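Report on the following structure.
Bear in mind that the values in this text are calculations on the coordinates, not laboratory data. What you see is a predicted model; the values in this text were computed from it and never measured. Here Cβ is always computed from backbone atoms with ideal geometry, including for glycine, and neighbour counts include all displayed protein chains.
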Amino acid sequence: MPLKLEDKQAIVNEVAEFAKQAHSIIAIEYRGMTVAEITQLRAQARQNGVYLRVIKNTLAKRAIANTAFECLQERLVGPILLAFSREEPGAAARVISHFAKTNPKVVVKGIALSRQLLTAADLDKVAKLPTYREAMGMLLAVMQAPVTKLVRTLAEPPAKLARTLAAIRDSKPQ
């Protein structure tokens, strides 16, 4: 049964809202996958905060027009499933990468990240992007390093004096 115009507009609006909030989008071809496999992929995506949507290519092109993911329009060919990372850029890539290891039917058509179109070969690179907590930890470590070095440098002269006095004391006979 064909979709009515109102239904198509609702789908385009819904996907456009997710595209505006997303950090990255991955387009995968799901040809040959069973319903059970797609259901398993949806469950994994839901657990990781990734929104999946099977959508007609013409509707997907309209939905991502005038967004940061407009560069992905050329790759929307064939039966496409879009995976939106809303919380962190690498979330969808991690889900798709993990799922593709057990399901060879998954074909990544393209990845859009910050107005850049990436190829399927870049999936693992995007999947290895740090999570928000990991990135914050790395940032704090970088910010803390100069302060730690300063404290060590300031503490070194008294420590060296104490070691020198201890060496002199140990060298004298008792």
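A compact table of results
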item: Extreme residue, surrounded by the fewest Cβ atoms within 10 Å (Cβ to Cβ), among residues of region 128-174 that are within 30 Å of Asn48 (Cα to Cα) and among the β-branched types (Val, Ile, Thr); result: Val142
item: Within region 29-52, considering residues that are part of a loop (DSSP other than H, G, I, E, B) and of a type in the set (Gly, Ala, Ser), the one nearest to Leu76 (Cα to Cα); result: Gly32
item: Residue match in region 76-88 (condition: β-branched (Val, Ile, Thr) and more than 12 Å from the chain's Cα centre (by Cα)); result: yes
item: Count of residues meeting criterion [in contact with a Gly (Cβ under 6 Å, 6 or more places away or on another chain) and in a loop (DSSP other than H, G, I, E, B)] in region 2-28; result: 0
